[in-house]
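Undergrad: Got a structure here, written out as structure tokens. Questions coming.
What follows is calculated from the coordinates using simple rules that are stated; it is not laboratory data. None of the values given here were measured: they were computed from a predicted structure. For neighbour counting, all protein chains shown are included, and Cβ atoms are generated from backbone atoms with ideal geometry for every residue, glycine included.
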């Protein structure tokens, strides 16, 4: 009897095994599909959440960067305004100082001419001015002489200028007459004041250090012999003044 039941089971199972296998396989595929779909959906949700979080962080950083850029621009504007203000103040101060120096020079000049009792008697050098030209090693000079005697008689004499310095590691000196570019007369004859000016060029390899200015009044009728020497440091564009 038992053998008969087994045979009947095999009889029923064998013709339908392919059908059952197909059903099971389909069920497995459907289950795998749903599992895969659910997993893919979950991963997509995770990616969307991460993307949203990153987007919010980026937006917050962008706002922070924008605020910092605004602050930086404000600071730059303040610095630029402060810089311009400082430059303007320095420019105004320089202008005032230049005007003040001019007034001092004019005051000194007129005091020496109109009030000779404030200085020594005779002829004095009001100022010596040397400035560079556009040509290399070429300079202009200007000597202003004034008479300090109360009784204004004609003062007659001559000046000489020597440049002392170094050339090829040796001490050298050159006179203005050796270096002059103009036929400037270094003689003077004036009652109140006189300006002697011209141009000169320095020799190659010569570095001046001192400028010696000599004023000579020879003895003549109504004038005693006198000589005055003044030595200045070599400082182009600096007015040497008493």
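Undergrad: Going by C-beta contacts inside 10 Å, put 42, 234 in order with the fewest on the left.
TA: Least crowded to most crowded, the residues run 42, 234.
Undergrad: Can you put 226, 38 in order, fewest other beta carbons within 10 Å first?
TA: 38, 226
Undergrad: Ok, one more. For a protection proxy built on the mean count of beta-carbon atoms within 10 angstrom, sort 165-177, 55-67, 187-199 highest first, please.
TA: On the way: 165-177: 12.9, 55-67: 10.0, 187-199: 14.7.
Sorting 165-177, 55-67, 187-199 by mean packing, highest first, produces 187-199, 165-177, 55-67.
Undergrad: Hey, rough spin-label estimate for residue 187 and residue 212, points 7 angstrom out along Cα→Cβ, what's it come to in nanometres?
TA: With each label point 7 Å from Cα toward Cβ, the separation is 2.4 nm.
Undergrad: For the range 206-236, list residues with backbone N below 19 Å from a point placed 7 Å from the Cα of residue 164 toward its Cβ?
TA: Only 206-216, 227-236 pass the distance filter.
Undergrad: Take residue 153 and residue 73, extend 7 Å from each Cα along the Cα→Cβ direction, and tell me the distance between the two endpoints in nm.
TA: In this crude label model, residue 153 to residue 73 measures out at 8.1 nm.
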